[in-house]
Amino acid sequence: MIKEITAQDLLRQIEQLTAQAKGGIGAQSPAQPVGEFSRLLQQSIGEVNAAQQQAADLATAFELGNSNVSLEQVIIAREKAALSFQSVLQVRNKLVEAYKEVMAMQV
């Protein structure tokens with residue numbers, strides 16, 4: 001079974017890497033978002049979280065017998081949430097790779 005990672009976990013990991021890159025290795029407080037990229041990243045993570053919540057709500061409504069929710073809607077919502085999560089996860093992976101590459105550079 002795949003371990004479920006929340007949007008907050010992803011954001012926390014990115015903030016920790018940002019703090020380390022700024023010289024605050026092991027810093028406990030999350031870095032403050034700076035610039036357009038950070039804002040867009042936070043917005044994307046929020047949208048992924050909302051899609052996951054919507055899919056969970058639709059699944060719950062279907063399981064409770066709500067006649068306004070079809071199985072197709074539940075499946076589509078879950079797939080949309082999974083795809084959006086995978087895309088954000090891949091962006092995070094690329095950021096981690098880039099961070100490691102920059103840290104490995106000799107000055």
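Points to keep in mind about this one:
- For region 51-81, a residue qualifies if it is assigned to a helix (DSSP H, G or I), small (Gly, Ala, Ser) and either in contact with a Gly (Cβ under 6 Å, 6 or more places away or on another chain) or exposed (fewer than 15 other Cβ atoms within 10 Å of the Cβ) (or both), and exactly one does: Ala56.
- Complete set of residues in region 82-101 that are surrounded by fewer than 12 Cβ atoms within 10 Å (Cβ to Cβ) and modelled with pLDDT under 90: none
- Long-range neighbours under 7 Å by Cβ, at least six apart or interchain, first residue in contact (Cβ under 8 Å) with a residue 12 or more places away in the chain within region 43-69, second surrounded by fewer than 13 Cβ atoms within 10 Å (Cβ to Cβ) and aliphatic (A, V, I, L, M): Phe62/Leu71
- Lone qualifier among Glu79, Glu101, Glu72, Glu47 - being acidic (Asp, Glu) and under 21 Å from Thr18 (Cα atoms): Glu101
- For region 33-46, a residue qualifies if it is within 16 Å of Asp9 (Cβ to Cβ) and exposed (fewer than 14 other Cβ atoms within 10 Å of the Cβ), and exactly one does: Gly46.
- Filtering region 17-32 to residues that are surrounded by 17 or more Cβ atoms within 10 Å (Cβ to Cβ), modelled with pLDDT of 65 or more and over 21 Å from Ser87 (Cβ atoms) leaves only Ala19.
- Residues located in region 70-98, provided they are touching a residue at least 24 places away in the same chain (Cβ under 8 Å) and farther than 18 Å from Leu40 by Cβ: Ala77, Lys80, Ala81
The values are calculated or read from the model by the stated rules, or taken from the named source; none is laboratory data. Remember, predicted model here, so these are calculated numbers, not experimental data. Neighbour counts are summed over all protein chains in view; Cβ atoms, including those assigned to glycine, are modelled from backbone coordinates with ideal geometry.
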